[in-house]
Amino acid sequence: MTGVNHVTLAVLDLDRSVIFYTDLLGARLRARWPDGAYLTLGDLWLCLELTVHMSPREDDSHLALSAAPGSFDPLARRIRSETRIWKENRSEGASVYFLDPDGHRLELHNGTLASRLAHYRCHPVDGMEIFGDTGTERS
């Protein structure tokens, strides 16, 4: 495998969801049909698919998105003012955990896997193993 090809989210109201993802999050609408739409968020291909029934998740599954350099803070403020927050950030790096109109759990995160691993190298967590260029590091 080479990476994620696309993400599909079921939605109850296609118009509402397209507006949410384009107007609030800056997605680009690439195609639309009566039961769906294709959008891009940076390199992410997002498919919105109309459904008549939603099954909300109760776990921590979510989709984390990155902001363009220098735009995290203004976007985070806008997200906080226009969406429901589903959890407060307790991890390395600035994050805002919010819901889309259908209750899909999203995160705006300001960081990378490299910054996360660097954090845990400096602040070890009991039982965590970090695999890097120098081999296995055990906390």
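The values are calculated or read from the model by the stated rules, or taken from the named source; none is laboratory data. Only a predicted model underlies this, so the values are computations on that prediction, with no experimental measurement involved. Glycine gets a Cβ as well: all are built from the backbone with ideal geometry, and neighbour counts include every protein chain shown. For accessibility, only protein heavy atoms count, side chains too; no ligands or nucleic acids. Shrake-Rupley method; radii C 1.70, N 1.55, O 1.52, S 1.80 Å.
Okay, here's what the table says:
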{"read-out": "Full-extension gain in nm, residue 63 to residue 32, via 0.36 nm per residue minus C-alpha separation", "value": "9.0 nm"}
{"read-out": "Estimated inter-spin distance, residue 53 and residue 87, nm [label 7 Å along Cα→Cβ]", "value": "2.7 nm"}
{"read-out": "Nearest-ten-degree value, helix 72-82 long axis tilted from longest Cα axis of the chain", "value": "50 degrees"}
{"read-out": "Per residue value of the accessible surface for the chain (all protein chains in place, 1.4 Å probe), Å²", "value": "65 Å²"}
{"read-out": "Dipole axis of the chain (+1 Lys, Arg; -1 Asp, Glu on Cβ), positive-most option in 9, 53, 111", "value": "111"}
{"read-out": "Cβ-Cβ FRET estimate between residue 45 and residue 19, R0 fixed at 22 Å, reported to 0.05", "value": "0.70"}
{"read-out": "Assigned charges on the beta-carbon of Lys, Arg, Asp, Glu; the stretch 1-57 dipole about Cα centre (debye)", "value": "80 debye"}
{"read-out": "For the chain, size of Cβ-based charge dipole, Lys and Arg +1, Asp and Glu -1, in debye", "value": "320 debye"}
{"read-out": "Beta bridges per DSSP with both ends in the chain, % antiparallel, nearest 5", "value": "70 percent"}
{"read-out": "Percent carbon-and-sulfur accessible area, the stretch 1-68, ignoring ligands, DNA and RNA, probe 1.4 Å", "value": "52 percent"}
{"read-out": "Viscosity 1.306 mPa s, 10 °C: Kirkwood-radius Stokes-Einstein D of the chain over Cα pairs, µm²/s", "value": "94 µm²/s"}
